[in-house]
Amino acid sequence: MPMRKTLTNVVSFVVVVGLAAGYARGSSAAGSLTVQDYLDIQQLYARYYQTIDAGDSEGWANTFTSDGVFNTNTRGHDALLESNRRGGTNRPLRHWHSNLVIAPTAEGANGSTYVMQIDITTKPPSISTYSRYDDKLVKTPQGWRFKVRQRSSDTTIVTTR
């Protein structure tokens, strides 16, 4: 129970900081984001990971622009859809993303986040992988979408043996 309360407090803090940063930026002019933009982008990230965890390949592909790119080698809606379908559905993993940083650009926004894949079949659940994503986002008539998502190993972790 204390862990749940701590996680709730951390998530609440991150949301408040994100809102404050968005409010400080103010207008929707090129190169800046509104509070609503920050909220919509945060929802895009949540939808991205929830669709993966649910095995919803179509929903996942729809978080990208029609010509969106994933990991430099998968481009466009049909290729994204097929790539995700090959990965399987209803996987026993849950994605946990944190430390989301959103920065306005002239084209939309850049985003960066750390991600852990948690294997929920182990007791207790265990971290199966960790990585970092660096993203280019654009605002479309359907809302914010990923234009480019690049996954990489999390190189911020230093190991000593």
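Only one of the listed residues (S112, S131, S153) is among the polar types (S, T, N, Q), more than 22 Å from V35 (Cα to Cα) and at pLDDT 90 or above. That residue is S131.
Every condition in (1) modelled with pLDDT of 60 or more; (2) within 16 Å of V138 (Cα to Cα); (3) surrounded by 12 or more Cβ atoms within 10 Å (Cβ to Cβ) holds for A106 except the one numbered (3). For the stretch 131-141, give me each residue that is touching a residue at least 24 places away in the same chain (Cβ under 8 Å) and either loosely packed, with under 15 Cβ neighbours inside 10 Å or over 13 Å from the mean Cα position of the chain (by Cα) (or both). D134, V138, K139, T140 - these are the residues of the stretch 131-141 that are touching a residue at least 24 places away in the same chain (Cβ under 8 Å) and either loosely packed, with under 15 Cβ neighbours inside 10 Å or over 13 Å from the mean Cα position of the chain (by Cα) (or both). Here the stretch 79-103 is the region considered, the condition is being at pLDDT below 85 and hydroxyl-bearing (S, T, Y), and the residue that is surrounded by the fewest Cβ atoms within 10 Å (Cβ to Cβ) is T89. Taking each residue of the stretch 54-73 that is farther than 19 Å from G111 by Cα and looking for partners that are of a type in the set (A, V, I, L, M, F, W, C) with beta-carbon atoms closer than 6 Å, six or more apart or interchain, yields S57/L81.
Scanning the stretch 52-73 for residues that are within 18 Å of S131 (Cα to Cα) and crowded, with 17+ Cβ neighbours inside 10 Å turns up I52, D53, V69, F70.
Taken over the stretch 90-122, the residue count meeting the criterion of being out of contact with any Asp or Glu (no Cβ under 6 Å at 6 or more places or on another chain) and within 15 Å of I41 (Cα to Cα) is 14.
I need the full set of residues from the stretch 65-120 which are assigned to a strand (DSSP E or B) and of a type in the set (S, T, N, Q), in order please. Scanning the stretch 65-120 gives T65, S66, T74, S98, N99, N110, S112, T113, Q117.
The values are calculated or read from the model by the stated rules, or taken from the named source; none is laboratory data. Nothing here was measured: the structure is a model prediction, and the numbers come from that model. Every residue, glycine among them, receives a Cβ derived from its backbone with ideal geometry; neighbour counts consider all protein chains shown.
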